[in-house]
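What follows is one structure encoded as structure tokens, with my remarks underneath.
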Amino acid sequence: MKSVKAITAIILLLFVLLASAGAIIRIDITSPERKLPIAISRLAGPGGDEISNIVAADLHYTGIFELIDGRFFIEPSEEPFGRTNWTAIGAEAVLKGRVKTISGDIRATVFLYDAADGTAMLHKEYESSTTLLRQLAHGIANDAYGRLTGKNGVFRSKIAFVASSGHDRELCVMDWDGGRIKRLGVKGAVIPAPRWSPDGRRLIYSAQRDGVWGIYSFDFDSMKEKLVVSSRGTLLAGDFFPDGDRVIYSSSEKGHPSIYIYSTTAGETRKITSSRGIDVSPAVSPDGKKVAFVSDRGGSPQVYTMDGNGYNITRITFEGAYNTSPVWSPSGERIAYVGRHEGKNQIFTILPDGSDSRRLTGEGNNESPSFSPDGRFIAFSSDRRGRKEIFVMRADGSGQRSAGGMAASSPRWSPN
Amino acid sequence: MIRGGASMRRSLIALTVFAFIASLGCAKKKIVTEVVPEPVKPAIEETTQEAQKAKPDDKAAAVAAEQEKITEKEVAAEAGKSGAGEAQTADAEAGASKSDSAKKMFVAEVKGVCAPDAGQSAVFESVFFDFDSYAINDGARPTLNQLSAWLSGGGAAISIEGHCDERGTDEYNLALGDRRASSVRDFLVHSGVSAGRLQTVSCGEERPVCAEQTEECWAKNRRARFVLIKKSPENNGG
């Protein structure tokens, strides 16, 4: 009798434990102990394949998921979700759904299931015109990522860049994965990297037209370009302050390239550095308190930081004779920059106090780093395949791959 | 069939209580960053309209929707913008700021600055620089002295273009090209040429004369180039 009761008690206890084990799936993305096995089932219906492929590619690129190969799937897309069909192949999360087309629009109904207990962590409908299928799919990936990690996905973000066509330069924008490249209609002989406004509705950039440099802003709402500031000399757009009003830039109007701040509301310019050499490439920290920039005041181009008013100039790079192009991560915790290494340009990151520098690239020349809005990815330009084009990688240097496939340079990731 | 009566009942109660406590304990052992209370029944949570009907308080969707306008507007925007188009847009919108800066600038009709060499031939031989340097080196001095004499003897005005080899980063090279042009201008002014006849412009690494990745080619690209310009009346603006 007693042994039977004991066995019953143990069995019941185990059952309770197992039932509560899968109630909540979460991944700690800062220190993932393992990749979460997820199955992305093909969405049933027209366009379902393309949508699933985009979602799978987005989630796979984060490096924190293990995507189960579709050849192992037992359950057809059209059939309802059966938990054991998925636990049998090791999936812990399952994305399923269906797509309908309704007179030029697509409507996708998507579920994200927790395979351990069969509950739907996500059940959502998405609708758009068929032309926006990619953005719709990226939205699904964002939602799945958000449910599984508690963080916002960046799969709807954009990369602005400068396309090359012979001797001409043209501003373009594409999806983060290189899809849907759009020309903005802004051309010039020389256009350095554009910068996004903090709200993501404008770009500022420098352009030389008829021999005269100016800093221009392009507004996505009006699709129009406007001159912000122009002067003698070479003007290079630096960055916005978080208030979206002040713009920091470099100008050689007084002889040597120095750093200026222009307030668009006040219409006033203030010069904040003076050196007998070159001060260029200012980048504002996310909290607006610090500016990283490049100066050769020490004899060679190096990265410095200073306060927003030009005080407390501190050099932070000491390795190598050529360090340029600083950009802050969105958390302000690291600065990415370009350093010369064995005769080529490579991307490094460093702490703002100048310690812990790490090299992320090694093949070809790699320049113009720019962080994604969550700081987990970096866009950059690389000539490793023969000509300069846009590449992306994870912020630890893994997963380097091209995006967009155009002859291009100077990428800048949108802030949202 | 399990039999037992009262003691069985007690065991079952104890088991149920124990299992309840155990399940509470287990929830804490997961790899969890946040626990978001999810509705247990699979109800439709939200419907997102991906076209222009984004919710005004959903900022991300609003930006996405606005950016989606790019897709629809683009055909019209591209048709309207040609090479001259965007410059005209800038002029129309800039208004006062543009005419103010025009008064400060020396306005010269410089056609095709930093355009390909054909159609913009140099008026004098170029001078060259060491890597990453904008100092006038000894080899450049004789050429600059001759240029100075030539300029002083006539009424010509020239544009000094600063160029770099492709090894540096694009933006820094634009600044470096600018400093190279300024160094040459300063030298010429110091030797007696009127500053008003010298204009400087940086071409960065954008206009190389050769593309090989050799020291010989790089040295040819690190140069200041001299181009004749015509003076035009200053634009007094509106």
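The values are calculated or read from the model by the stated rules, or taken from the named source; none is laboratory data. Every value quoted in this text rests on a predicted model; they were computed, and no experiment measured them. Cβ placement follows ideal geometry from the backbone for every residue including glycine, while neighbour counts extend to all protein chains displayed. All accessible areas refer to the heavy atoms of the entire protein, side chains included, with ligands and DNA or RNA removed. Shrake-Rupley method; radii C 1.70, N 1.55, O 1.52, S 1.80 Å.
A compact table of results
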read-out: Inter-label distance for A:K254 and B:S191, nm, one decimal - labels placed 7 Å from Cα along Cα-to-Cβ; value: 2.9 nm
read-out: Cβ neighbours within 10 Å from other chains - mean over A:172-184; value: 2
read-out: Average beta-carbon neighbours from other chains, 10 Å sphere, peptide A:126-138; value: 3
read-out: Flagged links, alpha-carbon separation over 24 Å, of A:K226/A:K290; A:K158/A:K187; A:K187/A:K224; A:K187/A:K226; A:K151/A:K182; A:K35/A:K151; value: A:K226/A:K290; A:K151/A:K182
read-out: Average beta carbon contacts from partner chains per residue of A:208-217, 10 Å cutoff; value: 6
read-out: Linear extension gain, A:S402 paired with A:S275, 0.36 nm per residue minus alpha-carbon span; value: 41.9 nm
read-out: Cα-Cα P(r), the stretch B:160-203, percent of pairs per 5 Å interval; value: 6, 27, 27, 17, 12, 7, 4
read-out: Value of Rg/Rh across the stretch A:105-245 [Cα atoms, Kirkwood radius]; value: 1.12
read-out: Label-to-label distance, nm, for residues given as A:D219 and A:E363 (7 Å Cα→Cβ offset); value: 4.4 nm
read-out: Sequence ranges A:329-336, A:149-156, A:392-399, ranked by mean other-Cβ count within 10 angstrom, highest first; value: A:149-156, A:329-336, A:392-399
read-out: Percent of alpha-carbon pairs separated by more than 34 Å within chain A; value: 39 percent
read-out: Stokes-Einstein D for the stretch A:246-346, Kirkwood Rh over Cα pairs, 25 °C, 0.890 mPa s (µm²/s); value: 176 µm²/s
read-out: Rounded Å value of the spacing that divides the Cα centres of the stretch A:25-100 and the stretch B:118-184; value: 60 Å
read-out: Degrees, to the nearest 10: A:133-149 long Cα axis against longest axis of chain A; value: 70 degrees
read-out: Å² of accessible area per residue within the stretch A:131-229, as computed with a 1.4 Å probe and no ligands counted; value: 26 Å²
read-out: Accessible heavy-atom area order of B:S194, A:S410, highest first, probe of 1.4 Å; value: B:S194, A:S410
read-out: The stretch A:26-132: Rg to Rh, with Rh as the Kirkwood radius over Cα pairs; value: 0.98
read-out: 0 to 90° range, to nearest 10: angle between helix A:2-21 axis and chain A longest Cα axis; value: 30 degrees
read-out: Cα convex hull of the stretch A:342-403, projected area averaged across orientations, nm²; value: 4.5 nm²
read-out: In degrees, nearest ten, helix A:48-61 long axis to first principal axis of chain A (Cα); value: 70 degrees
read-out: Accessible surface of the stretch A:292-416 [probe 1.4 Å, protein heavy atoms]: carbon and sulfur percent; value: 44 percent
read-out: Pairs of alpha carbons in the stretch A:98-176 whose separation is greater than 20 Å (percent); value: 49 percent
read-out: Sites A:K151 and B:N145 - FRET efficiency at Förster radius 56 Å, r taken between beta-carbons, to 0.05; value: 0.30
read-out: 37 °C / 0.692 mPa s Stokes-Einstein diffusion coefficient of the stretch A:271-398, Kirkwood radius on C-alpha pairs, µm²/s; value: 224 µm²/s
read-out: Peptide ranges A:213-222, A:183-192, B:132-141 listed from the most packed, as the mean C-beta count within 10 angstrom indicates; value: A:183-192, A:213-222, B:132-141
read-out: Karplus-derived HN-Hα couplings along the stretch A:231-240 (A = 6.51, B = -1.76, C = 1.60, θ = phi - 60°), whole Hz, x at Gly and Pro; value: 6, 5, x, 9, 9, 10, 5, x, 5, 8
